[in-house]
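First up is the structure itself, then whatever we jot down about it.
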Amino acid sequence: MPDFGFDLLGTDGQARRGRVTTAHGTIETPAFMPVGTAATVKAMFPEDVAKTGAEIVLGNTYHLMLRPTAERIAELGGLHKFMNWSKPILTDSGGYQVMSLTELRKLTEEGVRFRSHIDGSYHMLTPERSTEIQHLLGSTITMAFDECTPYPCTKEEAEKSMELSMRWAVRSRDAFVKREGYGQFGIVQGSVHEDLRLRSIEALNGIDFEGYAVGGLAVGEGQELMFSTLDFTTPAMKTDKPRYLMGVGKPTDLVGAVARGIDMFDCVLPTRSGRNAQAFTRRGPVNMKNARHATDHRPLDEECPCPACTQYSRAYLHHLIKAGEILGMMLLSWHNIQYYQQLMQGMRDAIEAGSFEDFQAAFLEEYNGGDIAPL
């Protein structure tokens, strides 16, 4: 079995082209991970997710520990077998979900005691328990347990939160069971403050994880502030380990973050948008509820190889959405994940060719140019 590793294959400015090697296969970076919160990418068959080019998906500790429980998944052979996905799986630690339960949780140095949103039962999530759950699931990449700093917050609050996350990072690492082909990522916190981010990076570097994530962004600060935070964060991060920006984002976010040295992403946006009639295309987002599509026989995007674009018209997709048919949600979800994977492939090719700056300019011009005119 191969050891967990990261090869930096090339750079173009700050943009990086790499490859992550794991027990469950390789991940070409920059990479986008479709989100499979409850052991499924919503409205998608696992084999169809793989057909889009996705090489890794994300699962969620919080949701899986409550239902069906990590212990049951372990008894059934682990998360890969349970959800019929043989490629790598990254599981987030549950910290973000628990922190969002403001009225249902109590935060202490030990961890977080919270009430289940499902049945009101009480649970305790600590760095040790989060790491244990992810081990039971058989996660290829385990995330350290952290507190996701909210935005806005005072600098004092951000500092206190970051320091707690760094103490939890040590405990998460101590609880991690090292084995060939599996890795654990630490999470950089510090809100939008340069000195706090740099202190967080220094603390995590001392722990020596297999990879490093940037957390606490895409939580309401806006794209401009997210980019400016990355501008001083990623240059301080290790170059020989993968860098993962959590919970991001829109296509323009992905391209801008790759330009700033990020390797991996996850976001619910492609599938959530697909279930809500929004399609992402190279000409920008398209709302398939709009009446202008009702008689349009053209494909959603003539250059997209997904079934929604190659087998059906805009008029049919519009009809499915208006009729509330599940197939409409399935097709738009597939299309959006396909679009995201094509975007990542385009960035990988551009970095290899040394033309990322031109790629970014052309992408933004077309994406911001608007959809094709109605018939």
- Query: Filter the range 84-111 for residues that are free of Cβ contacts under 8 Å to residues at least 24 places away in the same chain and of a type in the set (Val, Ile, Thr); which is nearest to GLY215 (Cα to Cα)?
  - Reply: THR102
- Message: Against the definition (of a type in the set (S, T, N, Q) and either without any contact (Cβ under 8 Å) to a residue 12 or more places away in the chain or within 30 Å of SER313 (Cα to Cα) (or both)), how does ASN290 come out, yes or no?
- Response: yes
- Message: Take ARG260 and tell me if it is crowded, with 16+ Cβ neighbours inside 10 Å, in the same structural domain as LEU245 (by TED's automatic domain parsing) and among the basic types (Lys, Arg).
- Response: yes
- Query: Of all residues in the range 226-246 being surrounded by fewer than 22 Cβ atoms within 10 Å (Cβ to Cβ) and in contact (Cβ under 8 Å) with a residue 60 or more places away in the chain, which is farthest from VAL192 (Cα to Cα)?
  - Reply: ASP240
- Message: I'd like to check something: does the range 25-37 contain any residue that is free of Cβ contacts under 8 Å to residues at least 60 places away in the same chain and more than 18 Å from ARG272 (Cβ to Cβ)?
- Response: yes
- Within the range 127-161, residues crowded, with 24+ Cβ neighbours inside 10 Å, at pLDDT 95 or above and under 24 Å from LEU196 (Cβ atoms) come out as PRO127, SER130, MET143, ALA144, PHE145, ASP146
- Task: With the checklist (1) part of a strand (DSSP E or B); (2) in the same structural domain as LEU9 (by TED's automatic domain parsing) in hand, flag the one item ALA279 doesn't pass.
- Result: (2)
- Given the residues TYR316, TYR312, which is the only one that is surrounded by fewer than 24 Cβ atoms within 10 Å (Cβ to Cβ), in a loop (DSSP other than H, G, I, E, B) and of a type in the set (Ser, Thr, Tyr)? TYR312
- Message: Test of understanding: among ARG292, ARG272, which residue is assigned to a helix (DSSP H, G or I), in contact with a Pro (Cβ under 6 Å, 6 or more places away or on another chain) and more than 24 Å from ARG16 (Cα to Cα)?
- Response: ARG292
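With the condition kept exactly as written, say whether any residue in the range 145-155 is touching a strand residue (DSSP E or B) at 6+ places or on another chain (Cβ under 6 Å) and closer than 19 Å to MET246 by Cα. Walk me through it before giving the result.
Step one: of the range 145-155, the residues touching a strand residue (DSSP E or B) at 6+ places or on another chain (Cβ under 6 Å) are 146.
Okay, now just the ones that are also closer than 19 Å to MET246 by Cα, so 146.
Yes, the range 145-155 contains at least one residue that is touching a strand residue (DSSP E or B) at 6+ places or on another chain (Cβ under 6 Å) and closer than 19 Å to MET246 by Cα.
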- Query: Here are LEU245, LEU217, LEU204: which of them is touching a helix residue (DSSP H, G or I) at 6+ places or on another chain (Cβ under 7 Å) and farther than 30 Å from GLU365 by Cα?
  - Reply: LEU204
- Query: Taking the stated definitions as given, is SER100 at pLDDT 90 or above, out of contact with any strand residue (DSSP E or B) (no Cβ under 6 Å at 6 or more places or on another chain) and of a type in the set (S, T, N, Q)?
  - Reply: no
- Query: Checking ALA213 against (1) in contact (Cβ under 8 Å) with a residue 12 or more places away in the chain; (2) on the phi < 0 side of the Ramachandran plot; (3) more than 13 Å from the chain's Cα centre (by Cα), which single condition isn't satisfied?
  - Reply: (3)
- Task: Could you please find all residues in the range 162-211 being farther than 22 Å from TYR151 by Cβ, surrounded by 17 or more Cβ atoms within 10 Å (Cβ to Cβ) and not charged (D, E, K, R)?
- Result: SER172, ALA175, PHE176, TYR182, GLY183, GLN184, PHE209, GLY211
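Suppose we filter ILE321, ILE372, ILE351, ILE326 for residues that are outside the structural domain of THR29 (by TED's automatic domain parsing) and touching a strand residue (DSSP E or B) at 6+ places or on another chain (Cβ under 6 Å); which single one remains? Don't jump to the end; show me each part of the working.
Working: ILE321 fails: touching a strand residue (DSSP E or B) at 6+ places or on another chain (Cβ under 6 Å); ILE372 fails: touching a strand residue (DSSP E or B) at 6+ places or on another chain (Cβ under 6 Å); ILE326 fails: touching a strand residue (DSSP E or B) at 6+ places or on another chain (Cβ under 6 Å).
None of the others qualify; the one that does is ILE351.
The values are calculated or read from the model by the stated rules, or taken from the named source; none is laboratory data. As the structure is a computational prediction, the values presented were derived from the model and not from experiment. Methodologically, a virtual Cβ is constructed for each residue, glycine included, from the backbone with ideal geometry; neighbour enumeration extends over all protein chains shown.
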